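*Asks:* Structure below; questions to follow.
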Amino acid sequence: MEKVIGLITCNYSAKESSPLNESRPMASLPYFGRYRLVDFALSNFVNCGIRTVGMVMPYNYRSIIDHVGSGKDWDLDRKNGGLFILPGSAFGTSRTGARFLLRDLVHNKAYFTRSTSDAVFFSTANFVYNIDLDKVYEAHKASGADITVLTKTASEKDPDVTAFDVEDGRVCGVHHGTAFGETMFLDCFVINRHLLLDMFDWYAATDYLDLFEAMTGDFGRVNVRTYDFDGYVAPIFNKRAYFRANMDLLDPRITGELFVEERFIKTKTHDTPPAKFEVGSHVCHSAVASGDRIYGNVSDSILGRNVIIEAGATVRNSIVMQGCVVKSGARVENAIVDRGNVVPAGTELRGTPEDVLIKEKARD
């Protein structure tokens, strides 16, 4: 991977707005109590040896910068290569939610021209999976493809995920929204760098489109091949998918597949003490982060760092993010409580499994 660079695009919006993404981009959404969504894309890159990574920023980039910093926690604070924070343009006119907006790539053309790499790996931050990208790159070189896209057979309908039309392993078309059994795009691909630079000229008049939208009529001359991934994948584009992807990790089989010893998922280091379970507390089938103090009852839930659950409080089938306090007698069920909130004593925050309640982030 010495001749490969990476780029993560964060400059796109969720089509379904919710209180979770009003003050932050999707890339910096907390995940499983201690991670952010962008950690998976960053870790997939650095775990295979990519040491030059660019990140295209959205306008509300503060939380991403606060999290990634100089890239030290991913071994990207280095003199040669390292982490490059790149500006994103105003969002394009594509109605389908472009994740690889050509305008973003063209505006950062210097990142690609100054490199001597043979290829570029692209990724977004909306998919959660852990993959060995070395194998993807080996397959890319062996096939002689111009572009190799990471794919998986869809197990359900999802209007937010891009799908490819494929014949004998080669992409011949693209459409938005997947149905059961179709080939879903995991928003990750590798492309030969010189071809990418040529594409900037080919599609100069349609830079408001996603790269693969612009290529719609060119799949005959550009050899785009698929690499099928059979591991755990969670696409996160709305609150229902976000909630389910978090709750999936309460299954030890899924956590064992996602957090493998040879490919650690790296994240920002926090120096906080371990969680403390006080006398009288009851916790079952839950993930509890460092710094938490539990006096009450927690079940089937995920708690972020420095959460306090007071005596007599109950949290069930919920996500309670960093710095929240659930006061005595309060009840939180089927809910997502964003960071910094204090749930007053005797208060009930209750959604349903089909329609999870969201308590927006507390104002600073």
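*Asks:* In straight Cα distance, which aspartates and glutamates are under 14 Å from Lys15, not counting same-chain residues fewer than 8 positions off?
*Replies:* Asp158, Asp160
*Asks:* Is the C-alpha gyration tensor of region 61-154 telling us rounded, prolate or oblate? Criteria: a/c under 1.5 is rounded; beyond that, a/b larger than b/c is prolate, otherwise oblate.
*Replies:* Note, shape of region 61-154 comes out rounded.
*Asks:* Run the quick spin-label model on Ser328 and Phe180: label points 7 Å from Cα toward the beta carbon, then report their separation in nm to one decimal.
*Replies:* Roughly 5.1 nm, to one decimal.
*Asks:* How compact and how long is region 1-158, expressed as Rg and Dmax of its alpha-carbon atoms in Å?
*Replies:* For region 1-158, the Cα radius of gyration and maximum Cα-Cα distance read 15.6, 45 Å.
*Asks:* Let me ask you something else. Could you give the nm distance between label points at Thr216 and Phe264, where each point is 7 Å from its Cα heading toward the beta carbon?
*Replies:* 4.5
*Asks:* A further question on this structure: List the extent of the Cα atoms of the chain along each of their three principal axes, largest first, rounded to whole Å.
*Replies:* Answer, in whole Å and largest first: 66, 45, 37 Å.
*Asks:* Still on this structure, I have one more. Of all DSSP beta bridges located in the chain, what percent are antiparallel, nearest 5?
*Replies:* About 35 percent, rounded to the nearest 5.
*Asks:* If you don't mind, another one. What lysines does Lys276 reach when the alpha-carbon gap must be under 27 Å and sequence neighbours fewer than 8 apart in one chain are set aside?
*Replies:* The reachable lysines, counting only those whose Cα sits under 27 Å from Lys276, are Lys266, Lys268, Lys327, Lys359, Lys361.
*Asks:* In addition: How much length would be gained if the chain were fully extended between Leu357 and Glu16, taking 0.36 nm per residue of separation minus their Cα-Cα distance, in nm to one decimal?
*Replies:* 121.2 nm
*Asks:* Another question, then. Going 7 Å from the Cα of Asp300 toward and past its Cβ, which residues in region 350-364 have a backbone nitrogen under 16 Å from where you end up?
*Replies:* 350-357
*Asks:* Another question, then. Dipole size in debye (nearest 20) for region 112-167 around its Cα centre, Lys and Arg Cβ +1, Asp and Glu Cβ -1?
*Replies:* Using only the charged Cβ atoms, the result is roughly 180 debye.
*Asks:* In Å and from the alpha-carbon atoms only, list the Rg and Dmax of region 219-284.
*Replies:* Reported Rg and Dmax, both Å: 18.7, 68.
*Asks:* A further question follows. With +1 on each Lys and Arg Cβ and -1 on each Asp and Glu Cβ, how big is the dipole of region 4-258 about its Cα centre, in debye rounded to the nearest 20?
*Replies:* 720
*Asks:* So which chymotrypsin sites (Phe, Trp or Tyr not before Pro) in region 240-291 pass both tests, a DSSP loop state and at most 15 other Cβ atoms within 10 Å of the Cβ?
*Replies:* Phe259, Phe264
*Asks:* Next up: For region 162-266, run through the trypsin sites (Lys or Arg not before Pro) and keep only the ones in DSSP coil with at most 13 other Cβ atoms within 10 Å of their Cβ.
*Replies:* Arg221
*Asks:* Chymotrypsin sites (Phe, Trp or Tyr not before Pro) within region 171-239: which are DSSP loop residues with at most 15 other Cβ atoms inside 10 Å?
*Replies:* Phe180
*Asks:* Within region 284-313, which residues have the backbone N less than 18 Å from the label spot 7 Å out from Asp271 along Cα→beta-carbon, could you tell me?
*Replies:* Correct set: 290-292, 306.
*Asks:* For region 276-359, list log₁₀ I(q)/I(0) at each q in 0.13, 0.16, 0.18 Å⁻¹, using the Debye formula over Cα point scatterers of equal strength and ignoring solvent, two decimals each.
*Replies:* These q points yield log10 I(q)/I(0) values of -0.30, -0.47, -0.60.
Every number in this text was worked out from the coordinates using simple rules, so none of it is lab data. The structure presented is a predicted model; accordingly, all values stated were derived computationally and were not measured. Every residue, glycine among them, receives a Cβ derived from its backbone with ideal geometry; neighbour counts consider all protein chains shown.
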